[in-house]
Structures are given as structure tokens and as C-alpha cells.
Amino acid sequence: FVSFNNKSRFHRIITSSWINENFKQDEYFYTAGFNVEQDGIGEHLLFTGELYPGLPKKLIGPDPFYPSTANIFKEHFYPIASEAVFNIVNDVSFWEYGCHLSEKTFWAILGYNIPIISGYKMAKSMETIGFDMFRDIVNYSSENIKNPFIRTFNLLNDNKEIIQNAKDILDKSILQRLEYNKNLLLQSNIKEIAIKKLNTPKMIDKLDELV
């Protein structure tokens, strides 16, 4: 599996610790632009208590803290992601009761990964757009939990076993479903599709008014 993280955020801190505690180094690939112990990060302790030590800093690409281009993904991230079955996606949403999608979610789809995506009702939002979130494989029962720390811990722990047995999952039908997700993402009007399906007409009118 893979998990691409740059800036320090609460769910990324939890994921870094969880990966380091539960998996051997040859079982995953990750990026992280932070290390809790090295950087003296401690805000999460108000909510989590002590965690297992996080992963060392490791970044790839020419400038990991600035927006990535298609060429950067293709050259630096796709060769790694395409070798993985799962992608633990820690997109921006954590406290919010909403859906925020960025390149981390898109990379999972373009890399032919089964996404394990954090965030409140994120899987449901993705399904509303039309994406297959592999609920027959991934346990998303935690997505309705409003406490983001409990939600993050539960998402990871609920899916530990399926991640450990990742290579037993892939078959022709799974690959077809991954291809479906990629084709949907690459539709020229996917942004309009997402906006229309995730918002009421009243909300869309308000958005048009603001922009």
C-alpha cells in the first residue's frame, strides 16, 4: 500500500504512527514532510495521548510543498502508486462535516489504487459523484463518526487485515472497477458532475452568485 502526505495534519500524524507500528518497511511506501518527534509537534496530544513514534521524513518530487502537476505525478508518483493495491488517503478534510477533494484522492484513482479515504462521509460523497468505493472490501463504517480522531483510528484499524492481505484481493473484476473510476475522473466535465451531485440547486445558485 501507499500513503502520500506532505504537510503535518492530525489524521496524517495518526496514520504515520499507525503505519510505523503495524507494518514492516517492505510492505508500504509513504511520503511525509514531517516527523512528530523531530519537529516537536505536540498539538495532537491534547486529543490522542501519546502515540507510537511516527515515520521518518521522506519526500519525493521537485518541490513537495507546492501544487503538483500532471507531469510530477506521472514521473514521480505513478510508478510507485501503480504497484500498490491500497492507498490510504488523508485529504484536507478533518474537522469539517464536508467533502474536500485534492490531488491525493485523484492520485489514488489515477494510480489504480483502492482508496481508503478519511474524512466525514467522504466515501459516501465519492459514491454520490459516481465513484466505486469498494465497500465490499473496505470497511467504511467509521465514516459517520463525528469525532475526527476516533473516526481516523477506527478507519485504519477496521481495515488493517484487508491491507495485510492486499495481494489476495486483485482479480480481473477489481481491475475493471479501478478502470471505471479512472475513466470517470478523466471525464472532461467531472467537476460539473461533482458540483451538481454534491449540492442542492439552491447551493449551486449561491455558489454562482459568489464566483
* Structure fact -> Ranking MET203, MET126 from most to least accessible area with a 1.4 Å probe gives MET203, MET126
* Sorted by accessible area (1.4 Å probe), largest first, how do SER82, SER17 line up? -> SER82, SER17
* Structure fact -> Where a ≥ b ≥ c are root eigenvalues of the Cα gyration tensor, a/c under 1.5 meaning rounded, otherwise prolate if a/b exceeds b/c and oblate otherwise, the range 143-211 counts as oblate
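Using the membrane-span-like helix rule (whole DSSP H runs, Cα extent along the own axis of at least 24 Å, mean Kyte-Doolittle hydropathy at least 0.0), which helices of the chain qualify? Write down the numbers at each step before the final one.
Numbers: long enough: none.
What comes out of the filter, once short or polar helices are dropped, is none.
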* Comparing SER16, SER102, SER125, which has the greatest mean-square fluctuation in the GNM of the chain with Cα pairs linked when under 10 Å apart? -> SER102
* Work out the charge dipole of the chain with +1 on the Cβ of Lys and Arg and -1 on the Cβ of Asp and Glu about the Cα centre, then indicate which of ILE174, ILE14, THR200 is farthest towards its positive end. => THR200
* Using Cα pairs closer than 8 Å and at least 6 residues apart in sequence, work out the relative contact order for the range 56-187, in percent. => 22 percent
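So with the 1.4 Å probe, I'd like the accessible area per residue for the range 113-182, rounded to whole Å².
About 46 Å² of surface per residue is accessible.
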* Cα-based Rg and Dmax for the chain, where Dmax is the largest Cα-Cα distance (Å) -> 17.1, 51
* Helical mean residue ellipticity (222 nm; -39500 (n - 2.57) per DSSP H run of 4+; nearest 500) of the chain -> -11500 deg cm²/dmol
* Asked: At a 1.4 Å probe radius, carbon and sulfur cover how many percent of the accessible area of the chain?
  -> 53 percent
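The values are calculated or read from the model by the stated rules, or taken from the named source; none is laboratory data. Keep in mind it's a predicted model, so treat the numbers as computed, not measured. Every residue, glycine as well, gets a Cβ built from its backbone with ideal geometry; the counts of neighbours run over all protein chains shown. Calculation scope for accessible area: heavy atoms of the full protein, side chains included, ligands and nucleic acids excluded. Shrake-Rupley method; radii C 1.70, N 1.55, O 1.52, S 1.80 Å.
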